[in-house]
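> What follows is a structure written as C-alpha cells; I'll ask about it next.
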Amino acid sequence: MAIKFKVLKESTDTKARLGELETPHGIIETPIFMPVGTRATVKAMTPEEVKDLGAQIILSNTYHLYLRPGHKLIEEAGGLHKFMNWHGPILTDSGGFQVFSLGDLRKITEEGVEFRSHIDGSKHFISPEKSIEIQNSLGSDIMMAFDECTPYPSTYEYAKESMERTSRWAKRCKDYHHDWENQGLFGIIQGGMYKDLREQSVKEITDIGFPGYAIGGLSVGEPKELMCEMLDFTTPLLPKDKPRYLMGVGSPDYLFEAVISGIDMADCVLPTRIARNGTVMTSRGKLVIRNGKYSKDFTKLDPECDCYTCKNYSRAYIRHLFNVNEILGARLATIHNLYFLIKLMENIRNAIKEDRLLEYKEEFYKKYGYR
Ligand SMILES: [Zn+2]
C-alpha cells in the first residue's frame, strides 16, 4: 500500500495526535500544514525554496492541471513530481471543488459533472472515474475521491442528496483505482452542517474503506463556532488508525482547532494568497505591510521569525517593494507566511510531544491577539 500511517502519541488533554505518514515520496510528520501549488507551482516560489522552508508535502489542483497543460502532457513528462521538479510527497484534490464552484457553468448528474472551462468556455465532463484517471496520470502520492463540497448554507434535503451522491461517487473512485502500491486514495466526508448527515457520511465512506479520510465542506463561509462544532463532532467518528485531513483551512486559529479535534493534515491557499496582497502573519498578529506606518520601520516582519526574509530584509524595504509593485515583495512575503505556518505546526507537534498543547495555544492566542 502506498500510504502507511502510525500514531506515535496521543495528547492527554486534547484529541490531538502525533503521527507519521509514509508515502512513496517520503515520510511526513503530522499534524502537518500543506502549502498549495494550484497549477504545479506554489506561486512565486521554486520547489527548492518550498523544500528549504521545511514543507514536507504540497498540494496541487486536478481541475487546473487537467485544463492546462493537460494531464496527458504531464504523464508524458514523467508525472507531476518530475514535471515540476518536486520530489517530495504530493496530494492532488479531485477537481470537484473547482468544478462545483463554477456555478451556472456546470450541470450535475448521477454520472458526473458537465462544465464549461473558466478559461475558454469549452465543454468538459468529469466523472468519478475521470477524476481518478487524471490523478493517475499526475501520479500524486495521495489522491482524493471525487465529491461535492456541499455549499453553505444548504437545506437539509440538498445536503443529504449531495452527501449520498458523494458516497456513491466514492465507491466508484475506489473501484476504478488500481495502482494502490504507488498512489493512495482518501475518501471525503460531507453532510453540510447537519450532525446526523455527517454521521451517516462517516459510516458510508468508512464502510467503503480508504487509507485516509478527509473532512470536506467546512470553512465554507459558516460562522467559526459552527465550524468548530461540526469539526469536533465529526473528527472523533473517524478511524483512529487512519490519517485525517481537514480541507481548506490555513489560519492559525483554525489550525489549532483542527489539531485539537484530532486532525492530522490541513491545506489552504491563505498564506500564499494574502502574502501576494501584502499581508503577513506574525507572532503578534497580522500585519498589512503596504501600510504607510511601516515606511521607516527598519525592523523585521516578525521579531520572533528566523526565515530567509526576516533574516535579511526590513519592513520598510518590503513595504517599498509592494508600493512600487516589484515582484520580489510578493516572493519575500510568501516565504515568510509559509515559514510561519510550517513553524507553527512544528511548534504544535512539539507541544503535543510535551503534553502542553493547550498551554501553547493560550500563549500563541494571547500574543497573536485572538479573542
Ligand atoms: Zn519571517
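The values are calculated or read from the model by the stated rules, or taken from the named source; none is laboratory data. In this text, all values refer to a predicted model and were calculated from it rather than measured experimentally. Backbone-built Cβ (ideal geometry, glycine too); neighbour counts: all protein chains shown. Quick note on the areas: whole protein, heavy atoms, side chains included, nothing else; ligands and nucleic acids left out. Shrake-Rupley method; radii C 1.70, N 1.55, O 1.52, S 1.80 Å.
> Quick one: net charge of Pro252's neighbours, Cβ under 14 Å, K/R +1, D/E -1?
Its environment carries a net charge of +1.
> Next question. Could you look at the chain and say what percent of its accessible area is carbon and sulfur, using a 1.4 Å probe and all protein chains?
Here it works out to 50 percent.
> Now a separate question. The chain: percent of C-alpha pairs farther apart than 37 Å?
Value for the chain (Cα pairs over 37 Å): 18 percent.
> How large is the charge dipole for the range 14-89, taken about the Cα centre, if only the Cβ atoms of Lys, Arg (+1) and Asp, Glu (-1) carry charge, to the nearest 20 debye?
320
> Follow-up question, since we're still on this one. Could you tell me which chymotrypsin sites (Phe, Trp or Tyr not before Pro) in the range 237-316 are loop residues by DSSP with no more than 13 other beta carbons within 10 angstrom of their beta carbon? Please report the intermediate quantities before stating the final value.
Details: sites: Tyr245, Tyr254, Phe256, Tyr294, Phe298, Tyr308, Tyr313; in loops: Phe298, Tyr313.
Here the sparse-neighbourhood loop sites are Phe298.
> Counting only heavy atoms of the protein chains, get the accessible area per residue of the chain (1.4 Å probe) and round it to a whole Å² value.
That works out to 42 Å² per residue.
> Something else now. Show me the GluC sites (Glu not before Pro) within the range 322-361 that DSSP assigns to loop and that have at most 13 other Cβ atoms within 10 Å of their Cβ.
For GluC sites (Glu not before Pro) across the range 322-361 that sit outside H, G, I, E and B with at most 13 neighbouring Cβ atoms in 10 Å, the list reads Glu326, Glu354.
> Next question, about the same structure. Going by alpha carbons, how many degrees (0 to 90, nearest 10) lie between the helix axis of 327-353 and the longest principal axis of the chain?
Helix 327-353 and the main axis of the chain meet at about 70 degrees.
> Angle check, please: helix 156-176 long axis (alpha carbons) against the longest principal axis of the chain (alpha carbons), in degrees 0 to 90, nearest 10.
Around 80 degrees separate the two axes.
> Does anyone have the angle between helix 128-138 and the longest principal axis of the chain? Alpha-carbon axes, 0 to 90°, nearest 10?
On a 0 to 90 degree scale, this one is about 50.
> With Cβ to Cβ distances under 10 Å as the rule, what net charge do the other residues near Glu22 carry (K, R +1; D, E -1)?
0
> Output the antiparallel fraction of DSSP beta bridges having both residues in the range 37-184, as a percent to the nearest 5. Working shown, then result.
Values: 7 of 12 bridges.
Percentage antiparallel, nearest 5: 60.
> In addition: Below 13 angstrom from the Cβ of Asp241, what's the summed charge of the other residues (Lys, Arg +1; Asp, Glu -1)?
Taking every Cβ under 13 Å from that of Asp241, the sum is +3.
> Considering only protein heavy atoms, with the full assembly of protein chains and a 1.4 angstrom probe, order Arg331, Arg290, Arg244 by accessible area, largest first. Can you show the working numbers first?
Working: Arg331 70, Arg290 105, Arg244 10 Å².
Per-residue accessible area, sorted high to low, gives Arg290, Arg331, Arg244.
> Shifting gears a bit: Please report the antiparallel percentage of DSSP beta bridges with both residues in the chain, rounded to the nearest 5.
Of those bridges, close to 50 percent are antiparallel.
> Restricting things to alpha carbons, tell me how big the range 173-267 is in terms of Rg and Dmax, in Å.
Cα only, the range 173-267: 13.2, 40 Å (Rg, Dmax).
> Now a separate question. Fully extended, how many nm does the chain gain between Glu76 and Asp175 (0.36 nm per residue separation, minus their Cα-Cα distance)? Display every interim value, and only then the final one.
Numbers: separation 99, 0.36 × 99 = 35.64 nm, distance 2.49 nm.
Answer, rounded to one decimal: 33.1 nm.
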